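Read the structure below first, then the notes.
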Amino acid sequence: MTAETTNTRARRSLPSMSVLGPIVALVVLVAIGAMMNSNFLGAANITNVLARSAFIGIIAVGMTFVITAGGLDLSVGSMAAFIAGLMILVMNAALPSMGVGVPIILLGMLVAVVAGILAGLLNGFLITTVGIEAFIVTLGTMGIYRSLVTWLADGGTLSLDFGLRTFYRPVYFEGILGISWPIIVFAIVVIVGELLMSRARFGRHCAAIGSNEAVAHYSNVDVNRTRLLTYAMLGLLVGVATIMYVPRLGSASASTGLLWELEAIAAVIIGGTVLKGGFGRVWGTVIGVLILSLIDNILNLTDLVSPYLNGAIQGVIIILAVILQREAKAKG
Amino acid sequence: MTAEQVLCLRDVRKSFGPVEVLHGVNLDLRAGEVLALIGENGAGKSTTMKILAGYQPATSGRILLEGEEVTFGSLHDGEEAGIVMIHQEFNLAEQLTVEQNIFLGRELRRGPFLDKRKMRELTRGYLDRVNCRVDPDTKVSALSNSDKQMVEIAKALSRDARVLIMDEPTAVLTGSETEVLFDQVRRMTAQGTAVLFTSHKLGEVAEIADHVTVLRDGSVVHDDRASEITEDGMATAMVGRDVSDLYPAKVGRPGEVMLSVRGLTVPGHARNVGFELRQGEILGVAGLIGAGRTEAFEGLCGLRPASAERIEIAGREVTIKKPRDALDHGLCYLTEDRKLRGLLLDKTMRVNLTLQALDRFGGWMIDRAAEDRALDKAIDEFDIRAGRRTMAVGNLSGGNQQKLLLAKIMQSEPAILIADEPTRGIDIGTKQQIYAFLRDLAAKGHAVVVISSEMQEVIGLADRVLVMRTGEVAGTLTGDELTEDAIVRLAVGLGANDKEKVA
């Protein structure tokens, strides 16, 4: 029996196309980048790429759970903009009484996290308890948050007070041991997410719901609660991403976080998570995010292809990723 | 014997990867005859049928159509040749109407437009021939399983099938519906159609088949006129051992009352259901399809909205609002629909086995080693035969899926097990194993409820039978009262108690 088990395990560990595909694509991109530009592998560029990936990456980890459980969230980009606007407003308003210092930054962070969780819970409540399709609900909230931030900014830009901005800046630009905070936070989110997805009950329940809701219900999985939690978790992560994002520019406007939802969904799909749910992997999402950022980065560093074609190339990659995975599935 | 051979398989082999599942099968379909292809789940019946109908190519061997060797490149080639297959899981577009389905892909036209009148007329004719009274404008999604079956047959009629292949057509039909189906089959064979059908109900095989071919483990082990073999003979040939002792002996000495239910109501399905269940007892629940049996017990287990005056488990009153509550009180429901409600077909056995009782395998983090140990144990205990442990559960045969489902439910170690149609669509050998398991469970002091539409099964297995009719308990039968006749009388409302009410 033991011999047989090890045998099957060994066979399972042979990487299939769906596992190899994203990794190979990433390696190829890195090789192309390195050949094109000598600065590509420099510490400055790598830090830049990773730090910029962190926002989408943190959100995409949450999105992986939502999609795995058979859901979808189109509102995350607008949600990020709205939370950023709210954070800035609250911090500016508290400035006269609290002054520049750690407490006011913590207050801002608390606002972001709470607002994120509440926004996620609202999506989740409408989808699970009220029973409206995820696509419709989040299409609606996407419009609502985008419009709210435009209204708060009165059509322009909400800016963080200059003194506060200077104080808050290190959260994006500095870190420990030369690794900036966004990268550290991203790494922690990824590690926790991967453990949660592949090792924990919660991840197993998400996959079961996405695979077949009725079976999950009959198997004592609290379908609505688990779904609600995926949306709340995504909202929380949007809040965390916004905490990292605000110090970068110190402002929020109607165009903040534009199309983030699509980039996050694209990263999840490129990483091998199935769009209709039932199977997801967080590490794949990370690779998906890196692939998307690297394309952007390479186009900016080289003048071979116009950076304006970035979207086109990303689009091709998304479609290719899905085709490759489908073929691998058909064979397997 | 003298009848013309329409479709034959000669030394057909089929391999999936390195595994050969058909080892040189010979089969003859003759015009005007019904061939019953029987065998245990996983014996290769489905594969054989798919090769005949052109769904799958054979790895080697020949297919002869009226003596000529043919290769079906696709399903379409098969249909062109007049071979129609009706699947167990129907092949109808749920969102289209009955008429649209019957003519799907072959719509009649007059000029550039659909000839709706002609199609309507023909549809009526086909439906009349199968005694099916559904409106051609009904959406298929609104039909019952038996009506869907009839629509499939009407569709086959419309294609002038020379060969009709039916995969367990009677599994979802009631007795009278089966009779209608068989009348139609007889009419078709009288017109020269060759029919192949599979069934686990050997009584039906004896009734309708002219010829019986038995498959076991991918080989033909018996091939002769139906008159040459008895039902017992068929069962023995299928299983390869004697199965006359299908049901285990009823040794149960019922003990304390484990479960007492009073005034259980499931809106729209069941009213005021009450019963008692004792330790060591198997309680059968019989009734017609639609009598509210499944719904009542799903309601009891918190799987759908329900209310009850009083539920007592082991003498203590309990409230059950959600499945978790039922499990906490040791009450567990085994669904009748293993494919849509029981198992995650695209997941592995390990994931399926532990899903319901995941909290028993580690805390927040899942203990995979413990899961693997549980799977080892389940495979051994329930005799689950799977090629690879990593394969998707959807690729297991029905019997093995059912055994896995049972193993999954047992991971929660229920004190009270409610098994809904525990042997639907599985072969006789596996049935015997499941019966033995359930009896053994009762003997160990658990309490078992078996909901079943097969009367033989309820009578053979249960100590006591509760009969339901239109959402209410029509009566309970024990000992000598326990006959098919008595169950039917209660189920259709001819019971002694009911007579008074009706009058």
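A few comments on the model shown:
- The residue list B:Lys403, B:Lys408 contains one member that is closer than 23 Å to B:Gly280 by Cα, part of a helix (DSSP H, G or I) and facing another protein chain (nearest Cβ under 10 Å), which is B:Lys408.
Yes/no matrix, rows are residues, columns are (1) in a helix (DSSP H, G or I); (2) modelled with pLDDT of 90 or more; (3) out of contact with any strand residue (DSSP E or B) (no Cβ under 8 Å at 6 or more places or on another chain):
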position: A:Ala241; (1), (2), (3): yes, yes, yes
position: A:Leu258; (1), (2), (3): no, no, yes
position: A:Val268; (1), (2), (3): yes, yes, yes
position: A:Ile295; (1), (2), (3): yes, no, yes
position: A:Leu309; (1), (2), (3): yes, no, yes
position: A:Val316; (1), (2), (3): yes, no, yes
position: A:Ile323; (1), (2), (3): yes, no, yes
position: A:Glu327; (1), (2), (3): yes, no, yes
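- Residue check: A:Arg225 meets all listed conditions (1) within 14 Å of chain B (Cβ to nearest Cβ); (2) in contact with a helix residue (DSSP H, G or I) (Cβ under 6 Å, 6 or more places away or on another chain) but one, namely (2).
- Scanning segment A:148-175 for residues that are more than 22 Å from the chain's Cα centre (by Cα) and in a strand (DSSP E or B) yields A:Thr157, A:Leu158, A:Ser159.
- Single residue of A:Leu249, A:Leu234, A:Leu275 found to be of a type in the set (A, V, I, L, M, F, W, C), in contact (Cβ under 8 Å) with a residue 40 or more places away in the chain and surrounded by fewer than 21 Cβ atoms within 10 Å (Cβ to Cβ): A:Leu275
- Count of segment A:199-221 residues, restricted to those that are more than 7 Å from every other protein chain (Cβ to nearest Cβ) and either at pLDDT below 90 or over 22 Å from B:Ala392 (Cβ atoms) (or both), is 1.
- Pairs meeting the criteria (first residue in segment A:279-304 and among the acidic types (Asp, Glu), second residue surrounded by fewer than 23 Cβ atoms within 10 Å (Cβ to Cβ), beta carbons under 7 Å, at least 6 apart or on different chains) are A:Asp296/A:Asn310.
- Output for segment B:303-322, where each listed residue is surrounded by fewer than 21 Cβ atoms within 10 Å (Cβ to Cβ) and within 14 Å of another protein chain (Cβ to nearest Cβ): B:Arg304, B:Pro305, B:Lys321, B:Lys322
- Segment B:361-375, subset part of a helix (DSSP H, G or I) and over 31 Å from the mean Cα position of the chain (by Cα), residue farthest from the other protein chains (Cβ to nearest Cβ): B:Ala370
- Some residue of segment A:175-188 being crowded, with 17+ Cβ neighbours inside 10 Å and closer than 30 Å to B:Pro305 by Cβ: no
- Screening B:Ala370, B:Ala392, B:Ala378, B:Ala386 for residues that are crowded, with 21+ Cβ neighbours inside 10 Å, out of contact with any strand residue (DSSP E or B) (no Cβ under 9 Å at 6 or more places or on another chain) and outside the structural domain of B:Asp420 (by TED's automatic domain parsing) leaves exactly one candidate, B:Ala378.
- Some residue of segment A:76-97 being at pLDDT 90 or above and either among the aromatic types (Phe, Trp, Tyr) or in a loop (DSSP other than H, G, I, E, B) (or both): yes
- Hey, B:Ala296 touching a strand residue (DSSP E or B) at 6+ places or on another chain (Cβ under 9 Å) and assigned to a loop (DSSP other than H, G, I, E, B) or not: no
- Selection within segment B:254-293 - touching a strand residue (DSSP E or B) at 6+ places or on another chain (Cβ under 7 Å) and free of Cβ contacts under 8 Å to residues at least 60 places away in the same chain: B:Glu256, B:Val257, B:Ser260, B:Val261, B:Arg262, B:Gly263, B:Leu264, B:Thr265, B:Glu276
- Among residues of segment A:165-185 that are in contact (Cβ under 8 Å) with a residue 60 or more places away in the chain, those with a Cβ under 6 angstrom from a residue that is part of a strand (DSSP E or B) and of a type outside the set (Phe, Trp, Tyr), sequence gap 6+ or separate chain, pair up as A:Trp181/A:Gly175.
- Meets criteria (surrounded by fewer than 19 Cβ atoms within 10 Å (Cβ to Cβ), touching a residue at least 12 places away in the same chain (Cβ under 8 Å), in a helix (DSSP H, G or I) and under 20 Å from the mean Cα position of the chain (by Cα)) for A:Gly143: yes
- Listed here are the helices (runs of 4 or more DSSP H) enclosed by segment B:73-167 that have at least 3 residues being in contact (Cβ under 8 Å) with a residue 60 or more places away in the chain: B:145-158.
- Segment B:323-344 - residue that is assigned to a loop (DSSP other than H, G, I, E, B) and either touching a strand residue (DSSP E or B) at 6+ places or on another chain (Cβ under 9 Å) or modelled with pLDDT under 90 (or both) and, of those, nearest to the other protein chains (Cβ to nearest Cβ): B:Thr335
- Restricting the search to strands (runs of 3 or more DSSP E) fully inside segment B:220-291 and requiring at least 2 residues that are closer than 25 Å to B:Lys431 by Cβ gives B:270-278, B:282-287.
- Condition met for A:Leu304 (at positive phi and among the hydrophobic types (A, V, I, L, M, F, W, C)): no
- With respect to the conditions (1) crowded, with 23+ Cβ neighbours inside 10 Å; (2) of a type in the set (A, V, I, L, M); (3) not in a loop (DSSP other than H, G, I, E, B), B:Ala43 lacks only one, and its number is (3).
- Selected residue (only one of A:Thr157, A:Thr150 is more than 14 Å from chain B (Cβ to nearest Cβ), of a type in the set (Val, Ile, Thr), farther than 29 Å from B:Ala370 by Cα and surrounded by fewer than 17 Cβ atoms within 10 Å (Cβ to Cβ)): A:Thr157
- Filter result (of a type in the set (Asp, Glu) and surrounded by 17 or more Cβ atoms within 10 Å (Cβ to Cβ)) within segment B:425-453: B:Asp427
- Selection status of B:Leu353, more than 9 Å from every other protein chain (Cβ to nearest Cβ), in contact with a Pro (Cβ under 9 Å, 6 or more places away or on another chain) and buried (at least 20 other Cβ atoms within 10 Å of the Cβ): no
The values are calculated or read from the model by the stated rules, or taken from the named source; none is laboratory data. Because the structure is predicted, anything quoted here is derived from the model rather than measured. Ideal geometry is used to build each Cβ from the backbone, glycine not excepted, and the neighbour counts take in all protein chains shown.
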